[in-house]
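Below: one structure, written as structure tokens.
The values are calculated or read from the model by the stated rules, or taken from the named source; none is laboratory data. Treat the numbers as computed from the prediction; the structure is a model and nothing was measured. So basically every Cβ, Gly included, is an ideal-geometry build from the backbone, and we count neighbours across all protein chains shown. Heavy atoms of the whole protein, side chains included, go into the accessibility calculation; ligands, DNA and RNA do not. Shrake-Rupley method; radii C 1.70, N 1.55, O 1.52, S 1.80 Å.
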Amino acid sequence: MLFGRTIKNPIKISDKGALEWKYATCGYCSTGCSIEVGLNKEGVAVASRGVADANVNQGKLCLKGIFEHELFDSSGRGLRPKMREQWHQPWENSDWDSALDKVHDEIVRIQKKHGPDSFAIISTGQMLTEEFYTLGKLTRGLIGTNNYDGNTTLCMASAVSGYKRSFCSDGPPGCYDDFEHTDCLIAWGSNLPEQHPIIYWRMKEAQEKRGFPLIVVDPRVTMLAQNAHMHLPITPGTDVVLMNAMMHVILAEGLQDQRYIDANTTGFEALQAEVEKYDPTTAAKICGIDEDRIRVVARLFANAGAAMQIWTMGINQSTHGSDGVVGINNLALLSGNIGKPGGTSLSITGQCNAMGTREWSSCSGLPNYRYLENPQDRQEVAKAWNVDPEFFPKKRGMFQTDIYHAMESGQIKGLWLIATNPLSSLPNSSRVRKAMQGLEFCAVQDCYEDTESAQYAHVYLPAGTWAEKEGVMTNTERRINLVNPISTCPGEARPDLWIFNRMAERFNLDKKVSFPEKAADIFLEMGALSKGRLADISGMTHALIEKNRGIQWPYTDAQLQAGEVPPAGGKRLYTEDGSFRYANGKAKLIPLPFIDNNEVPDEKFPIWLNTGRLIEHWHGRTKTGKIGNNNKYSPIPFIEINPDLAAELGVQAGEYVRMVSRRSDAVAMAQLTQRVPKNMVFLPFHFHDCANRLTLGLLDPHSRQPAYKQSAIRIERIEDQQAAARLSMEMRTF
Ligand code: SF4
């Protein structure tokens with residue numbers, strides 16, 4: 001008997017008529033895949049493909065990248081500037097001069113009346129780095145509000161804060177190539193196959209070759225956990241306890257790398273005294289991981305020749321997010337696993353250019369990881385920009401999450417939102433809605449005019465999207481890659497850089513500060529400001545970046561002159577003893593006492609609500625909700641619910657349920673699965689007016705990042721399923 005097909009019919013890929021292919025970098029996640037978009041004879045984008053000789057993705061793309069060319073003519077694009085006196089009035093079409101004048105005049109009016117910091121500016125991780133840099137120059141150098149931040153506070157602030165506390169600088173020290181060298185991988189709260197599919201493919205290929213153990217710490221049986229050697233289903237919010245217990249075992253059994261510790265760290269004794277309290281027997285009762293399992297994992301990790309840790313939002317989005325990152329760094333430092341092939345602590349970043357905003361936006365400080373608190377940093381940037389150093393604040397202002405609280409209390413009166421949609425992305429959305437309604441003035445700059453947040457704007461500025469613009473982005477492994485303008489902005493929409501430069505003209509009447517028009521020239525200005533710093537990019541140009549399909553920083557002018565070919569020097573940070581950024585060259589081991597300050601389930605709200613991402617969607621679905629091939633896989637909100645819990649509640653598979661938290665309620669379809677335990681449901685956060693109606697979003701004390709993943713809810717069966725279905729359909733639309 002013959003099995004399988006005797007005649008093979010290869011899948012036919014229809015000819016889309018692409019005649020020319022243009023190079024860019026994917027604009028969704030931080031993996032940083034090199035992508036080419038095919039244009040037909042009319043110059044219309046008709047196809048996308050991976051770039052075969054790109055180190056990152058080697059020709060592959062995930063579901064989002066494959067359909068990225070469909071973004072250009074997706075519905076809801078803003079085609080003209082618009083204005084209105086009150087947010088509840090209908091929009092009126094306007095022109096660029098009138099709209100920009102209005103935004104300028106309102107910023108000046110509010111700052112004069114209520115003080116410079118009463119006007120806030122919030123940007124994103126979605127723009128290009130030259131745009132971030134220009135907005136930073138405009139905001140810090142001319143407008144002068146200190147309440148300027150990005151939506152990256154919602155995804156990467158804990159990683160930034162943790163790196164700064166441990167190493168005195170942001171900047172992930174490892175790279176994807178580390179998968180090829182590691183002997184042990186721990187993934188903390190990271191579901192690579194869905195969140196970063198191409199990094200997962202890199203990891204999986206390396207793992208199949210090398211056979212290293214993969215240990216996944218996650219309360220849910222994620223796709224990555226299904227592929228792991230060990231899955232540690234931790235009690236939400238208790239990662240620090242598990243980390244301390246692992247360090248307890250490592251030190252009790254003398255498994256630490258004492259030479260590395262002595263040469264490269266301070267604080268060993270204090271850390272030792274703290275972790276002494278976290279014996280595995282006690283820790284197991286808090287974090288829910290069996291005490292012997294804790295010992296086994298600690299030994300596997302410490303005894304590996306090279307051990308690697310990665311993490312994503314499962315660590316960052318917690319009231320202990322920054323501590324969790326420091327705990328990962330502590331483990332890496334104790335075992336000498338920083339800066340060596342296969343030995344690293346690598347935060348897997350969220351948005352495509354969250355790294356670019358960390359490096360160059362001046363949100364949390366000044367360009368290239370300079371601190372507002374450091375007088376020399378202020379002097380250097382003031383000189384480069386030709387502004388008065390005294391104009392800079394002496395310390396950073398509010399984080400994004402605090403800005404909304406200040407809007408509620410009336411401290412912030414005006415807001416300029418750029419490529420971000422807080423009504424969808426911030427926790428406890430009913431509070432955010434009220435805060436936005438109370439503003440004296442709000443401008444929204446976005447490539448889409450139909451975002452939830454635009455409902456409360458007085459001026460709408462239509463911007464370009466992704467590859468309608470030119471500039472660079474930095475990926476998770478510090479690789480800077482180029483986006484070319486493949487399509488033009490529709491209607492009267494303009495690239496964000498053009499909008500910032502036109503706005504700068506209104507604040508820069510004496511032309512004291514220079515605002516170059518071309519992204520390539522801005523990049524050279526940034527290169528000059530980076531010389532001698534950790535993130536030195538002075539050897540790079542746009543042309544060299546495209547030629548190499550991305551270059552990891554640092555890559556210096558001296559390396560370029562010496563003929564060193566990229567990635568010379570840029571693969572890993574902290575490769576030598578004493579190369580950390582604290583003045584003594586050492587990293588800090590920091591004790592982490594655990595305080596259980598999350599919202600936890602109780603009698604009234606007995607279920608953990610865990611939120612996260614799906615492979616086919618991106619954030620609030622502003623983009624992927626409009627691309628048929630992405631949207632059709634997950635068109636409506638659903639929850640993963642354990643069959644035992646569903647049976648107890650009398651809920652059948654495919655029925656709609658009502659979730660209730662102390663904040664509000666939301667409706668989703670029940671999908672029965674053993675991936676979640678009986679006391680937890682998982683709800684994708686992508687859908688309009690759903691997950692963030694429920695979340696509390698307590699803030700991490702260091703990073704001010706919200707704890708999206710630890711809320712308490714109850715679940716109710718809905719009698720009127722037809723009404724629930726109608727409501728659910730409303731949540732899929734914007
Ligand atoms: Fe784009 Fe990320 Fe998918 Fe790569 S993995 S194609 S960067 S969304």
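The simple spin-label model puts a point 7 Å past each Cα toward its Cβ; for E208 and V108 those points are separated by 6.3 nm. Radius of gyration over Kirkwood radius for region 653-694, both on Cα atoms: the Rg/Rh ratio is 0.95. Here K511 is the anchor, and the aspartates and glutamates within straight C-alpha reach of less than 18 Å, apart from those fewer than 8 places off in the same chain, are D101, D388, D521, E525.
Using the average count of surrounding beta-carbon atoms within 10 Å as a protection proxy, the listed peptides 589-599, 251-261, 322-332 rank, highest first, as 322-332, 589-599, 251-261. For T476, the shell of other residues with beta-carbons less than 15 Å away shows a net charge of +1, using +1 for Lys and Arg and -1 for Asp and Glu. Averaging 1/r over every pair of different alpha carbons in the chain and inverting the result gives a Kirkwood radius of 26.3 Å. Leaving out ligands and nucleic acids, and using a 1.4 Å probe, what accessible area per residue does region 574-637 come to in Å²? Result: 43 Å² of accessible area for each residue.
With a ≥ b ≥ c the root eigenvalues of the C-alpha gyration tensor of region 607-732, is it rounded (a/c under 1.5), prolate (a/b larger than b/c) or oblate? Because a/c hits 1.5 or more and a/b fails to exceed b/c, region 607-732 counts as oblate. Classified by the C-alpha gyration tensor, region 478-554 has an oblate form. Its axis ratio a/c, with a ≥ b ≥ c, is 1.5 or above, and a/b does not exceed b/c. Take each peptide in 187-200, 220-233, 84-97, count the other Cβ atoms within 10 Å of every residue, and average; sorted highest first, the result is 187-200, 220-233, 84-97.
Remark on region 317-395: Rg and Dmax equal 16.6, 46 Å (Cα only).
Antiparallel beta bridges, as assigned by DSSP with both residues in the chain, represent about 50 percent of the total such bridges. Taking every alpha-carbon pair within region 173-347, the share separated by more than 19 Å comes to 52 percent. Reported to the nearest whole Å, the Cα centre-to-centre distance from region 364-383 to region 238-308 is 37.
Let me check I have the definition right: for region 222-300, take the eigenvalues of the Cα gyration tensor, multiply each by 5, take square roots. What are those semi-axes in whole Å, largest first? Could the numbers behind the result be given before it?
Values: eigenvalues 117, 45, 25 Å².
They are 24, 15, 11 Å, listed from largest to smallest.
Solvent exposure of region 173-347 amounts to 28 Å² per residue of accessible area, where only protein heavy atoms count and the probe is 1.4 Å. Share of carbon and sulfur in the accessible area of region 173-347 stands at 49%, probe radius 1.4 Å. Taking a threshold of 27 Å on the Cα-Cα distance, which of the pairs K112/K164; K512/K571; K285/K709; K22/K164; K64/K709 fall above it? Distance filter (> 27 Å) returns K112/K164; K512/K571; K22/K164. Comparing Cα centroids, region 100-140 and region 559-628 end up 27 angstrom apart.
At 1.4 Å probe radius, can you tell me the per residue accessible area of region 20-73 in Å²? Solvent-accessible surface per residue comes out at 35 Å². Grab the beta carbon distance between E373 and Q561, set R0 = 45 Å, and tell me the FRET efficiency rounded to 0.05. Once rounded, the FRET efficiency stands at 0.85. Among 285-292, 695-702, 717-724, the peptide with the highest mean count of other Cβ atoms within 10 Å heads the list, and the full ranking is 695-702, 285-292, 717-724. The length gained on full extension between E492 and L79, counted as 0.36 nm times the residue separation minus their Cα-Cα distance, comes to 148.2 nm. Each 5 Å bin, from zero up to the one with the longest distance, holds this percent of the alpha carbon pairs of region 507-644: 2, 7, 9, 9, 8, 8, 12, 13, 12, 10, 6, 3, 1, 0. The helix-only estimate of mean residue ellipticity at 222 nm for the chain, built from DSSP H runs of length n ≥ 4 each weighted as -39500 (n - 2.57), is -9000 deg cm²/dmol after division by the residue total. Rounded, prolate or oblate for region 111-228? Axes are the square roots of the Cα gyration tensor eigenvalues, ordered a ≥ b ≥ c, and the cut-off for rounded is a/c under 1.5. Prolate, because a/c is 1.5 or more and a/b exceeds b/c.
Of all the accessible heavy-atom surface of region 573-671, with the other protein chains kept in place and a 1.4 Å probe, what percent is carbon and sulfur?
Carbon and sulfur together cover 49 percent of it.
Near the amide H of G150, within less than 5 Å, lie the amide hydrogens of S123, Q400, all on another chain or at least 5 residues away, with H placed in the peptide plane. If you take all C-alpha pairs in region 63-149, what percent of them are over 23 Å apart? Within region 63-149, distances greater than 23 Å cover 43 percent of Cα pairs. Stick to the Cα atoms of region 20-73, pair each with every other, and give me the Kirkwood hydrodynamic radius in Å at one decimal. Value: 11.0 Å, from the Cα pair sum.
Could you look at region 20-73 and say what percent of its accessible area is carbon and sulfur, using a 1.4 Å probe and all protein chains? Roughly 50 percent, rounded to a whole number.
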